[in-house]
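Structure, as structure tokens:
The values are calculated or read from the model by the stated rules, or taken from the named source; none is laboratory data. Treat the numbers as computed from the prediction; the structure is a model and nothing was measured. Neighbour counts are summed over all protein chains in view; Cβ atoms, including those assigned to glycine, are modelled from backbone coordinates with ideal geometry. Protein only, heavy atoms only, side chains kept; ligands, DNA and RNA dropped before computing areas. Shrake-Rupley method; radii C 1.70, N 1.55, O 1.52, S 1.80 Å.
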Amino acid sequence: MQRALRVDENKRRTKGEQKMRLTKIESRAKLVREKLGLEGIDQIVFSALRDRLAERQPNLHLKKTLADDMPNEQDEAYYDENSQTIFVSDVVWNRAENGDGDAMFVIAHELGHAYLDHTGIRKRNSISYSRYSLKNRTLEDEADEFASHFLVPTNRALIAPNSEYIRSRFGVSSLQSEIAWKRIKLAKFDLAGTQRPLPRNVINFREAVERQRDN
């Protein structure tokens with residue numbers, strides 16, 4: 001029994017710590033938007049992001065790099081803490097200039113490494129995260145979370161009725177719009193003070209007992 005209680009307590013602590021971490025990341029993404037003067041817009045276009053960084057954050061550099069000059073051929077972009085530079089392959093850079101949502105996410109992900117004070121050289125590539133160490137996976141997840149909040153702020157997406165609306169309004173990819181939509185739905189439930197719906201394969205035993213009692 002004591003062991004079960006300790007396990008439950010550890011689970012609650014883990015969930016609480018995760019919520020605190022996510023809140024911190026969301027706040028940081030909001031702050032960066034404000035610093036760059038982008039808090040009043042929905043879709044962040046690459047040219048605006050590039051210009052605002054150069055104007056308002058001159059110590060953080062964004063550099064276009066030939067794909068052949070990247071450390072590894074799979075690298076899409078990487079952040080170097082020592083030089084305070086985000087190196088972006090020319091392929092991703094050109095796609096971002098053309099409004100590609102996936103490319104913008106890659107760049108926002110590297111911004112996350114910079115603004116979340118991640119140390120060393122952080123790479124974004126096509127290699128599965130499963131090959132990373134636990135520590136590196138955690139840092140990559142944090143950068144992904146930053147990018148999602150940076151590109152789709154919760155407060156600006158609360159009016160969204162579905163993921164397609166998010167994709168169209170914020171210019172993100174279909175995958176990122178689905179991820180953001182899950183977050184927005186939870187935020188709506190929290191604001192409404194309603195109970196979050198259980199997954200389809202989970203039985204609400206309390207409701208089942210009440211229905212049986214009524215019958």
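What the table below lists for this structure:
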item	result
First in the range 134-147 and modelled with pLDDT of 85 or more, second anywhere and open to solvent by 40 Å² or more (accessible area, probe 1.4 Å) and part of a helix (DSSP H, G or I), Cβ under 6 Å, 6 or more apart	E140/Y129
Candidate set from the range 133-177 (those that are exposed (fewer than 15 other Cβ atoms within 10 Å of the Cβ) and hydroxyl-bearing (S, T, Y)); member that is farthest from A96 (Cα to Cα)	S133
The one condition in (1) closer than 24 Å to L139 by Cβ; (2) open to solvent by 70 Å² or more (accessible area, probe 1.4 Å) that S89 fails to fulfil	(2)
Any pair with Cβ under 9 angstrom, 6 or more apart, that starts in the range 153-170 at a residue that is farther than 13 Å from Q43 by Cα and ends at one that is of a type in the set (V, I, T) and open to solvent by 60 Å² or more (accessible area, probe 1.4 Å)	S163/I179
Leading residue by the ranking (surrounded by the most Cβ atoms within 10 Å (Cβ to Cβ)) among those in the range 92-108 that are part of a loop (DSSP other than H, G, I, E, B) and either acidic (D, E) or free of Cβ contacts under 8 Å to residues at least 12 places away in the same chain (or both)	D100
Residue match in the range 66-73 (condition: surrounded by 12 or more Cβ atoms within 10 Å (Cβ to Cβ), modelled with pLDDT of 95 or more and part of a helix (DSSP H, G or I))	no
Residue in the range 80-94 that is under 30 Å from A160 (Cα atoms) and touching a strand residue (DSSP E or B) at 6+ places or on another chain (Cβ under 6 Å) present	yes
Looking only at the range 31-50, and only at residues there that are at pLDDT 95 or above and loosely packed, with under 12 Cβ neighbours inside 10 Å, the one that is farthest from the chain's Cα centre (by Cα)	S47
Conditions (1) modelled with pLDDT of 95 or more; (2) closer than 19 Å to I41 by Cα; number of the one not met by V92	(2)
